[in-house]
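Here the structure is laid out as structure tokens; the discussion comes afterwards.
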Amino acid sequence: MISASNDLAARFSTFQEEAFRLETLDDYSNSGNPAAFRSFLAGEPKPADYNAGWLETVSKATESGKRMVRVHVLSRPLSPYLRYELGRGYLTNMTAGEEFHILDVTDRTNPLEGAPDFWLFDGREPVVLNYDENGAFTGPTFIPAEGAVSTSKESEYATYRSVALAASVPFTEWWEKHGAA
């Protein structure tokens, strides 16, 4: 039997056109690589192998013509974690072809209020990412597909994707204006 985390990891090599990610939290420091975040906070330089595994995953996808796209819903001022994620993570991941957008809700209503963090593979395979109150990843929830017909939950995530992309701006444009904030 394949574990849930392995099943999620496998989707990054099996999707056909696009892997879309909606990020809604200000702090994921208890997920992924907490040591890298602590290193950033201490002012240490980025390690040469920073995010190497993810960069390989993204490169394989983008070099074969697939898209990997993220939209992060956030408000200013940036949390220390967001300064790390955007300034170190996004700028690094872009080198492998990952696309980033920012939906800044500092001065406006959040059009995705209540939307969960998720990946959406090929516009029809949503995987909700669950986090505890401390930002630690607790596991994925796979939204079951029902044949070739889109379920209402699948449509909900495709709608979230459309709204997120329409309401956001490219990361590089946003970063030039607000990156030092």
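The values are calculated or read from the model by the stated rules, or taken from the named source; none is laboratory data. The shown structure was predicted, so the numbers you read here are calculated from the model rather than taken from an experiment. Using ideal geometry, Cβ is built from the backbone for each residue, glycine included, and neighbour counts are taken over all protein chains shown. Just the protein is used for accessible areas: all its heavy atoms, side chains included, with ligands, DNA and RNA removed. Shrake-Rupley method; radii C 1.70, N 1.55, O 1.52, S 1.80 Å.
List the number of the failed condition for Y81; all other conditions in (1) of a type in the set (F, W, Y); (2) part of a helix (DSSP H, G or I); (3) in contact with a helix residue (DSSP H, G or I) (Cβ under 6 Å, 6 or more places away or on another chain) hold.
Here Y81 clears every test but (3).
Select from region 22-45 the residues that are out of contact with any helix residue (DSSP H, G or I) (no Cβ under 6 Å at 6 or more places or on another chain) and either without any contact (Cβ under 8 Å) to a residue 24 or more places away in the chain or closer than 16 Å to T92 by Cα (or both) and list them in ascending order.
Selection gives G32, N33, P34, A35, A36, R38, S39, A42, G43, E44, P45.
So which of S64, S39, S13 is surrounded by fewer than 17 Cβ atoms within 10 Å (Cβ to Cβ), over 18 Å from the mean Cα position of the chain (by Cα) and not aliphatic (A, V, I, L, M)?
The match here is S64.
Where the second residue is exposed (fewer than 14 other Cβ atoms within 10 Å of the Cβ) and among the charged types (D, E, K, R) and the first is more than 13 Å from H72 (Cα to Cα) and lies in region 164-178, which pairs have Cβ atoms under 9 Å and are six or more apart or on separate chains?
H178/R76
Conditions: (1) closer than 27 Å to A115 by Cα; (2) open to solvent by 60 Å² or more (accessible area, probe 1.4 Å); (3) of a type outside the set (S, T, N, Q). V69 meets all but one. Number of the miss?
(2)
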